[in-house]
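Comments concern the structure below.
Laboratory data are not the source of any read-out in this text; all were calculated from the coordinates shown. Given the structure is predicted, the values throughout are model-derived calculations rather than measurements. Here Cβ is always computed from backbone atoms with ideal geometry, including for glycine, and neighbour counts include all displayed protein chains.
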Amino acid sequence: MKIQKFGAGVFTIENFLSKKECDAYIHDSESRGYEVATINAISGPEINKEIRNNDRVIFDDTELANALFQRAKGFLPASLHGW
């Protein structure tokens, strides 16, 4: 795996996921179904296509999150802006 940095703390990790893993995540997300992404406004969530114009899938999977974090951990900074 190789890191490509873009500045401002933004980077990618080449080949972080295999093609098979990507295909599985895409299939899983499509089977769950996408919804219009909202923004958080003072009055609560709202749709504003001028600010955010994408669809999304949100789900909680602690085991998956932990497995992905463990794989990425060696590439992540120890702290980010004091956090």
Could you tell me which residue of the range 32-50 is farthest from residue 61 (Cα to Cα), considering only residues that are of a type in the set (D, E, K, R) and in a loop (DSSP other than H, G, I, E, B)? 50
May I ask you to list the residues in the range 55-83 that are in contact with a strand residue (DSSP E or B) (Cβ under 8 Å, 6 or more places away or on another chain) and closer than 25 Å to residue 14 by Cβ? 56, 57, 72, 75
The residue that is farthest from residue 8 (Cα to Cα), considering only those in the range 30-54 that are among the hydroxyl-bearing types (Ser, Thr, Tyr) and touching a strand residue (DSSP E or B) at 6+ places or on another chain (Cβ under 9 Å), is 34
Is it the case that residue 79 is among the polar types (S, T, N, Q), out of contact with any helix residue (DSSP H, G or I) (no Cβ under 6 Å at 6 or more places or on another chain) and in a helix (DSSP H, G or I)? no
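Looking for something exposed (fewer than 10 other Cβ atoms within 10 Å of the Cβ) and either in contact (Cβ under 8 Å) with a residue 40 or more places away in the chain or part of a helix (DSSP H, G or I) (or both) - is there at least one such residue anywhere in the range 57-65? Walk me through it before giving the result.
Initial filter on the range 57-65 (exposed (fewer than 10 other Cβ atoms within 10 Å of the Cβ)): 58-60, 62-63.
Now restrict to residues that are either in contact (Cβ under 8 Å) with a residue 40 or more places away in the chain or part of a helix (DSSP H, G or I) (or both): 62-63.
Scanning the range 57-65 turns up at least one residue that is exposed (fewer than 10 other Cβ atoms within 10 Å of the Cβ) and either in contact (Cβ under 8 Å) with a residue 40 or more places away in the chain or part of a helix (DSSP H, G or I) (or both).
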Subset of the range 35-45, residues surrounded by 12 or more Cβ atoms within 10 Å (Cβ to Cβ) and either farther than 30 Å from residue 79 by Cα or not β-branched (Val, Ile, Thr) (or both), comes to 37
In the range 12-31, how many are surrounded by 10 or more Cβ atoms within 10 Å (Cβ to Cβ), farther than 17 Å from residue 61 by Cβ, of a type outside the set (D, E, K, R) and free of Cβ contacts under 8 Å to residues at least 12 places away in the same chain? 1
